[in-house]
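Since the structure comes first, as structure tokens, the remarks are kept for the end.
The values are calculated or read from the model by the stated rules, or taken from the named source; none is laboratory data. Just so it is clear, the model here is predicted, and its values are computed rather than measured. All Cβ positions, even for glycine, are placed from backbone atoms using ideal geometry, and neighbour counts span all protein chains on display. We work out accessible area using only protein heavy atoms, side chains counted, and drop any ligands, DNA or RNA first. Shrake-Rupley method; radii C 1.70, N 1.55, O 1.52, S 1.80 Å.
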Amino acid sequence: MGWMLLFATLKPRLSQFTKPHAQIPFSSSLIKTNHQFFALVNIVSGVLQFGFLPPLMKLIDPAWLWRAMPTLMVGLTCFQSFQADPSLYLVSGTFLLMKTMEFSARRMLDEMVYVPLDYESRYVGKEIIGVFGYRFGKSGMSLALSGLTWAFGKNHFGLQELSRFTTVAAGLWFVTALRLSNLVPTRDEADATYKLNKMK
């Protein structure tokens, strides 16, 4: 849930800069920069997913990675919330880290959590979380942010206020991840459960 809150609050920030063309002058350059940004997300995600995370997961339990992701985001969003007018590089760097973690670490960890579960929990539970959590969560937060901007106006609900809201969302994600990561089985527990389910 915290991941969805953070995604929904951080993504609109890239479009809320009052003078994007002042930092990236031409619209063709803006499109090129956007393409380069997401190409970088894909490259870094691929390197992490296939080169860095497999050896790392042999050394640590998944619960530690669940805790590390929101910790990084709380630090970055907290730093942003103290900036009256955060730079495009700071916001896009935070967004890059969030999308990279989503495409590499979080998806891998999701699968690791679901594997040792029984059939109903694995498939039905996963679909319920996917529909109600991810899709409705993102849509609901986008509507809430649009409503806040409409209610208070852009002059009273600007980048710094949105940064603070993002920090609260990252903090909620951190607290949720901390509590739920204690329920994630260790590697040995997951292996034992998987072998037991395979025998049935």
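When the accessible area of the stretch 75-184 is split by element with a 1.4 Å probe, what percent falls to carbon and sulfur?
Values: 4230 of 6330 Å².
It is 67 percent, rounded to a whole number.
At a temperature of 37 °C and a viscosity of 0.692 mPa s, determine how fast the stretch 70-200 diffuses translationally according to Stokes-Einstein, using the Kirkwood radius over alpha-carbon pairs as Rh; express D in µm²/s, rounded to the nearest whole number.
Values: Rh = 17.2 Å.
For the chosen part, D equals 191 µm²/s.
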Inset, instruction - Check each of the trypsin sites (Lys or Arg not before Pro) in the stretch 66-158 and keep only those in coil by DSSP with at most 16 other C-beta atoms within 10 angstrom; list them in order. - result: none
Inset, instruction - Using Cα centres only, tell me the gap between the stretch 26-98 and the stretch 107-184 in whole Å. - result: 17
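For the stretch 35-84, state which chymotrypsin sites (Phe, Trp or Tyr not before Pro) are in a DSSP loop and have at most 13 other beta carbons lying within 10 Å of their beta carbon. Please list the in-between numbers first.
Values: sites: F37, F38, F50, F52, W64, W66, F79, F82; in loops: F82.
Here the sparse-neighbourhood loop sites are F82.
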Inset, instruction - Keeping all protein chains in place, calculate the accessible area per residue for the stretch 127-200 (probe 1.4 angstrom), answer in Å². - result: 71
